[in-house]
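Inspection log for the structure reproduced underneath, given as structure tokens.
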Amino acid sequence: FGSAAAILVQMCLLLMVGLIFSARVHRSDMNRRQAEAELADKEMRYRELFDYSQGLICIHDLDGRLSTVNRATLHLLGYSEEEMIGQSLREFVAASLRPEFDAYLREVTHEGLANGLLELESKDGKHVVLRYYNVLAAEEGKEPYVLGHAQNVTELLEAQKKLNELSLTDELTGLYNRRGFVTMAEHQLKLERHSGTARGLSLMFADMDGLKAINDTYGHGAGSYALKTLGRLISSVVRNADLVARWGGDEFVILSVGAQGENAQLVVNRILERIDEHNAESPDPYLIGCSIGLAEVDADLPLDEMIARAD
């Protein structure tokens, strides 16, 4: 009886140990399954974030070769995944800017991160400007790679450019306005103060003749058109390096670069000749006329003083 009791006790103990072990295995299995489910959920959320993000996300190696791109990137550039994966991101950069892409690769490789603007070319030839924030990532046992994230700022930059043009451009004539002329002329004067970049400057002040008579006789619409015509005639004669602006009302100002003395007077003569040619051919019932004052530029004097001299 004693032996049977001992065996029974041992069996009970073994059963208890088995139950405890089974319970622990069950809990461990439940925890593992829960961890796997959470990991799968996180991976799914990451995939959704990656695929449906409006930002452009990619992964490339240290040579720029793409291994992953998200849907936003494919949609923006118009390529399929097969057309991009395995290709170097350099191949999608605007040709003239590829040296800058090589500089970007060196920066992100040596510094571990890089940010700036990158211009890509879509499949249909459109240029897209991206503001990127890319980091170098490294995992044990794996080759380092670059995780790239960017936003499309093409429209933003175009809007900023238009806003800047509006602030510097005369709405009627499309020439510089007073602010635009002063801004650009001051820059030119800085260059003129250094012997290595000095080219010689002359300033011309043109005052349109007879604008009031045109307005009174033919209306302000005709007067506005006459102003636009004079601005166009002046611009057609001067060189691309010269600055032409509508100073205000019926006044125009021209900063001629590289023309002084007799050469500057030749520019004035060409403007007047061009106006005469226009009047001889124009069907308009009025004539375009202007008076032009000329002054050589002293880069050490204030700009407004030189404009007053030409006026």
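The values are calculated or read from the model by the stated rules, or taken from the named source; none is laboratory data. Because the structure is a prediction, the values reported are computed rather than measured. When we count neighbours, we look across all protein chains shown, and the Cβ atoms used for this are built from the backbone with ideal geometry, even at glycine. When the accessible area is computed, the model is the full protein with side chains, heavy atoms only, and any ligands, DNA or RNA have been set aside. Shrake-Rupley method; radii C 1.70, N 1.55, O 1.52, S 1.80 Å.
Say we look at segment 36-73 and pick out the residues that are acidic (Asp, Glu) and either touching a helix residue (DSSP H, G or I) at 6+ places or on another chain (Cβ under 9 Å) or open to solvent by less than 20 Å² (accessible area, probe 1.4 Å) (or both); which of these is modelled with the highest pLDDT?
Once the filter is applied, the top-ranked residue is Asp63.
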(message) So in segment 257-267, with the set limited to residues that are farther than 15 Å from Ser236 by Cβ and among the hydrophobic types (A, V, I, L, M, F, W, C), which one is most open to solvent (accessible area, probe 1.4 Å)?
(response) Leu266
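Would you check if Phe21 is farther than 24 Å from Val69 by Cβ, at pLDDT below 75 and open to solvent by 100 Å² or more (accessible area, probe 1.4 Å)? Show your work before the answer.
On the way: farther than 24 Å from Val69 by Cβ: yes; at pLDDT below 75: no; open to solvent by 100 Å² or more (accessible area, probe 1.4 Å): yes.
Against the criterion (farther than 24 Å from Val69 by Cβ, at pLDDT below 75 and open to solvent by 100 Å² or more (accessible area, probe 1.4 Å)), Phe21 does not qualify.
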(message) Residues that are among the β-branched types (Val, Ile, Thr), surrounded by 14 or more Cβ atoms within 10 Å (Cβ to Cβ) and under 22 Å from Glu192 (Cα atoms): does segment 268-278 have at least one?
(response) yes
(request) Can you give me the number of residues within segment 67-126 that are in contact with a strand residue (DSSP E or B) (Cβ under 8 Å, 6 or more places away or on another chain), under 18 Å from Val153 (Cα atoms) and small (Gly, Ala, Ser)? (result) 5
(request) State yes or no: is Asn31 open to solvent by less than 70 Å² (accessible area, probe 1.4 Å), modelled with pLDDT under 90, farther than 24 Å from Glu158 by Cα and polar (S, T, N, Q)? (result) no
(request) Find the helices (runs of 4 or more DSSP H) located wholly in segment 205-307 whose residues include 1 or more that are under 34 Å from the mean Cα position of the chain (by Cα) and modelled with pLDDT of 90 or more, and list them. (result) 220-237
(request) Might you let me know whether segment 209-231 holds any residue that is over 19 Å from Pro283 (Cα atoms) and in contact (Cβ under 8 Å) with a residue 60 or more places away in the chain? (result) no
